[in-house]
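First the structure, in the form of structure tokens, and then the observations on it.
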Amino acid sequence: MTDLSDESPPKKKRTGRTCLGCLVIILLSVCCLISLLLLAPSLLSKLGIFGMAASEVYELAPDPYASGQMSQAFEERNIPGVSVYVIPQKSKATQGAFIILDASKGYTGLSPLEGSDAVFVEILQDLVQRNRAENLRISHVTVDYRDENGDTVLAFTAQQEDVEAYADGVITQDEFFKVVHFDLLDTMRRLGVDEFLEEVQP
Amino acid sequence: MKRTKKFTGILVVFLLSLFLLSACSDDEWDLIAEFFVVWAEQNSIVIDGAFQTDQAINTVVNDKISDVTNSEKSIQLDGLDVIRDIEQADAIADQAMDDLDPDQMVSALSIRPSDWRLHEKDGVIWVANDNLSAATSAFRRSDDLLRESLESGGDCLSLRRNQLEARSRELWEATLVYESQPGRSQGDAKSLRQVHGKVGRELNEINTYKTTPFCDS
């Protein structure tokens, strides 16, 4: 006779070893995921899919001639506390220009006696002129404003072609400001406007 | 409406914080603040005085993606950290030159190993320490790095002249430091003076004949 009793077969007990196995698999998966997230950018960078890190792009020494040429634009106007570094970009035929306006080294402004941006435009025109005349191969201008403690207050970068278009009067000031690049979060963090930061952060 | 008011308040705090940075003139900070506010307006983060949360979040997310993927603009801004490294390495190297101490140069070179200007100083310090083999090696490394930077363009003669002028200037400074040390007198820094003379001859060749074996090879 067939056994029709409704007794179900005894359930297999979950052993401690099974639980441990699951835990190990989960931990390994998490480790793999973290490793992937950490290693992926540098791996993709090496493969050329992502760009190189800045420390690699600007690893060579600043070009003393080009840096001197750019510095002269400020020295000739008696603007203290300004340093200019023009650095060759790795694997490119161009150089990056970094202008440091440092209040801790005596920088008091481009035009301390004038409330206009006329000197700002004049300097941009001078820099553009020097780049063209001396073939300095500048591809971008990155500006760092530092406070009296030497800390960055504001930093932005502009492509040289945009700087030239603005200096030559091809684009307006507003159009130039639009294409300049700030890191919004970093700028807010540096300025110390915590409330604004909270508002922006998702 | 509430959000607009909040943003106006935030903007006032932000502008005030800029004005309080008294090292620069108010006009200068005014210009900087205006620059940033106009940028925010031009990029639709602020429209008619109202803060656009969505646009701001989009901008922040795009910035973060740019950071991870090392986009061109992100690299350019990150380049400012490289400038800090250059300043730090230069300060250590200057101190090493004052002390003619090769050990200090190790830490400067660990920050910027591919900077030929630091290898120049390293070479000069080794000459001052009468280790001509280490000095030759440091100058050779400097030359190699200069050649590497010429691969992306630039005038070989001008750059070589800049490099030799730096070498000559630093050799002379080291000579003065060496000979001013207690128990030493003028003319004691024989190795430094000898190498200084040799560098002077190559510089003279560049200035007179507009040629140098460095650029011919």
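Rule-based calculations on the coordinates, nothing more; no lab input. Fair warning: this is a prediction, and the values are worked out from it, not measured in the lab. Backbone-built Cβ (ideal geometry, glycine too); neighbour counts: all protein chains shown.
Quick rundown of the values:
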| item | result |
| --- | --- |
| Residue-averaged beta-carbon neighbours from other chains (10 angstrom radius) around A:179-190 | 6 |
| Förster radius 35 Å - calculated FRET efficiency between B:Ala50 and B:Glu87, Cβ distance, rounded to 0.05 | 0.30 |
| Nitroxide proxy distance, nm - points 7 Å out along Cα→Cβ at B:Ser158 and B:Glu34 | 3.5 nm |
| Inter-probe distance in nm under a simple model that places probes 7 Å from Cα toward Cβ, at B:Leu150 and A:Lys90 | 2.2 nm |
| FRET E, pair B:Asp98, A:Thr18, Förster distance 56 Å, beta-carbon r, rounded to 0.05 | 0.25 |
| Net charge over other residues, Cβ less than 13 angstrom from the Cβ of B:Ser71 (K, R count +1; D, E count -1) | -3 |
| Peptide A:99-105 - average C-beta neighbours from other chains (10 Å radius) | 2 |
| Förster radius 22 Å - calculated FRET efficiency between A:Gln129 and B:Asp216, Cβ distance, rounded to 0.05 | 0.10 |
| For B:64-75, mean number of other protein chain Cβ atoms within 10 Å | 6 |
| Label zone at B:Glu179 (point 7 Å along Cα-to-Cβ), backbone N below 19 Å, region B:108-130 | B:124-130 |
| Inter-label distance, nm, simple model (7 Å from Cα along the C-beta direction), A:Asp186/A:Asp168 | 2.9 nm |
